[in-house]
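Student: Here it is: the structure, laid out below.
What follows draws every value from the coordinates through simple rules; no lab data is involved. These figures come from a predicted structure and were not determined experimentally. Heads up, the Cβs are rebuilt from the backbone with ideal geometry, glycines too, and the neighbour counts pull from every protein chain shown.
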Amino acid sequence: MAAADLPSLIRAELAGHAWWVIYLRYGCAAAVILCTMILTQNMGAKLDAAPLYAIAGALVGANLLYGVHLSRAARRTGAASPESATRSLILQIGTDLFLLTLLLHFSGGVTNPFMALYLGPILLAGFLLSVRATYAFAASATILYAGMAVLEYRHVIRHVPVPGLFPPAAYRNTSYVVVVVVAFLLAIGLTAILSLMVSGRLREQEMVGSVERESE
């Protein structure tokens, strides 16, 4: 589904939403830095902070690129088109899912309960993008998270424990890993469906309004 298939209310404000997501990501980068400092300096967590700071820096760097892309699109047409905003949002959400997976990997992996943060990008996709894009991102999030869990479990990639904060050996417990991944899949699936139901109501209302205007 292209931007033209979205409800007019969402399509008209898509560029503004893309900028809003950029501003929100600066806050997320600041939160990563702040939480890392609190964990390592105040809570005594034995954690290598360098990868987490690098991920926060990557969020800021990616944000600058997103801003340049939208600004250039706006200079060409006077305002960023819905199509340009859609491309920007797809790139932003895809990158966010990848960086979030890295963030979790370097801070406890599947033992880190902040896997719930995956719900944010999926909600954004459900509200602002097409049905196909939303399900594609839900599938991508599941593959990334489950892939991280399996690779750590199989020792293909090194598990990064956080002693004193998260259970360090849980990633090797088969039952724990299966339950966590299944719960994650259910949460992501329900989030995608619920957000699409809300945006679907907007589509239905717009179609009904169009039919009523044509009948008059």
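Student: Can you pull the one-decimal nm distance between simple spin-label points at A58 and M43, each 7 Å off the Cα toward Cβ?
Tutor: 2.2 nm
Student: Separate question: Run the dipole for region 3-210 about the Cα centre, Lys and Arg Cβ at +1, Asp and Glu Cβ at -1, nothing else charged, and hand back the magnitude in debye, nearest 20.
Tutor: My answer is approximately 280 debye.
Student: Sticking with this one: Per residue of region 172-179, what does 6.51 cos²θ - 1.76 cosθ + 1.60 with θ = phi - 60° give for ³J(HN,Hα)? Whole Hz please, x for Gly and Pro, Karplus curve as stated.
Tutor: Here the 3J(HN,Hα) series is 9, 8, 4, 4, 4, 5, 5, 4 Hz.
Student: In nanometres, what is the gap between the two model label sites at L185 and E83, each 7 Å from Cα along Cα-to-Cβ?
Tutor: Taking the simple label geometry, L185 and E83 are separated by 3.8 nm.
Student: Please order F137, F98 by the number of other Cβ within 10 Å, starting at the fewest.
Tutor: Neighbour counts put them in this order, fewest first: F98, F137.
Student: Then there is this: Go through region 69-74 residue by residue and turn each phi into a ³J(HN,Hα) via Karplus (6.51, -1.76, 1.60, θ = phi - 60°); whole Hz please, and just put x for glycine and proline.
Tutor: Couplings: 4, 5, 5, 5, 5, 5 Hz.
Student: Which distance in nm do the two modelled labels at F114 and L194 give, with both placed 7 Å along the Cα-to-Cβ direction?
Tutor: Each label point lies 7 Å from its Cα, and together they span 2.2 nm.
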